[in-house]
């Protein structure tokens, strides 16, 4: 249940079209649904505007089926992240309306009302950063954002980025994904006047320390509009940028 359906239900009770007992039946598991192995937060879409997102990798197929069925029964959008292809194949067989995005490793099943957000530019330093960038892009799209993909424009060839500056500036928020030394986030932050969500990746050679070097560079950015999420956290970066973009037209 989302906010719109909750208001509709309460209006129906007020108008006498739905009894208190019927409404109680629909609301009795509104805060959460207990499955034994999981306590699904079915209230999150009311509080937050988007349902609970499921981390798929560590869970069994049986656990995922139970969680997806719980969300689907309540007409809530399903988003399963970090999902392996073999598990995705079994879930899409069980739920044929769900779509698996293999590069992003995300299973998406849109349900209920269509979520709305603004425009998010997803920018990568290199082609090797695309899997993390796609996780961010698909997440933002699931939240209703229009995503503008701008890939392989790292600082080693700065002219590539400068050509796309206006495309980034015209968005409501940008996600910048970079490994190696992670300098791209600061460069983008200095070129555009919008919020920049930086995602360090584990792409790089020995001294990149599996993304720690890029993380430290981004955290130490002198560009005041740059905020940073964790290493390889495409989901977190895409989610946060989509939230920012909801305020489109208010800046």
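The values are calculated or read from the model by the stated rules, or taken from the named source; none is laboratory data. As the structure is a prediction and not an experimental result, all values here were calculated from the model. So basically every Cβ, Gly included, is an ideal-geometry build from the backbone, and we count neighbours across all protein chains shown.
Residue under question is residue 168, and the condition is that it be touching a helix residue (DSSP H, G or I) at 6+ places or on another chain (Cβ under 9 Å), part of a helix (DSSP H, G or I) and in contact (Cβ under 8 Å) with a residue 12 or more places away in the chain; does it hold? So residue 168 passes the test.
So which residues in segment 197-210 are part of a helix (DSSP H, G or I) and under 17 Å from residue 127 (Cβ atoms), if there are any at all?
Scanning segment 197-210 gives a single hit, 208.
Number of residues in segment 211-232 that are over 25 Å from residue 166 (Cβ atoms) and in a helix (DSSP H, G or I) equals 8.
Can you confirm whether segment 182-196 contains a residue that is farther than 30 Å from residue 51 by Cα, in contact with a strand residue (DSSP E or B) (Cβ under 6 Å, 6 or more places away or on another chain) and either in a loop (DSSP other than H, G, I, E, B) or without any contact (Cβ under 8 Å) to a residue 24 or more places away in the chain (or both)? Yes, there is a match, as at least one residue in segment 182-196 is farther than 30 Å from residue 51 by Cα, in contact with a strand residue (DSSP E or B) (Cβ under 6 Å, 6 or more places away or on another chain) and either in a loop (DSSP other than H, G, I, E, B) or without any contact (Cβ under 8 Å) to a residue 24 or more places away in the chain (or both). Of all the criteria given as (1) at pLDDT 95 or above; (2) farther than 24 Å from residue 220 by Cα, the one not satisfied by residue 165 is (2).
Annotation: residue 229 fulfils all but one of (1) over 17 Å from residue 143 (Cβ atoms); (2) surrounded by 19 or more Cβ atoms within 10 Å (Cβ to Cβ); (3) without any contact (Cβ under 8 Å) to a residue 60 or more places away in the chain; the unmet one is (1). Annotation for segment 14-27: no member residue is touching a strand residue (DSSP E or B) at 6+ places or on another chain (Cβ under 6 Å), at pLDDT below 70, surrounded by 11 or more Cβ atoms within 10 Å (Cβ to Cβ) and not in a loop (DSSP other than H, G, I, E, B).
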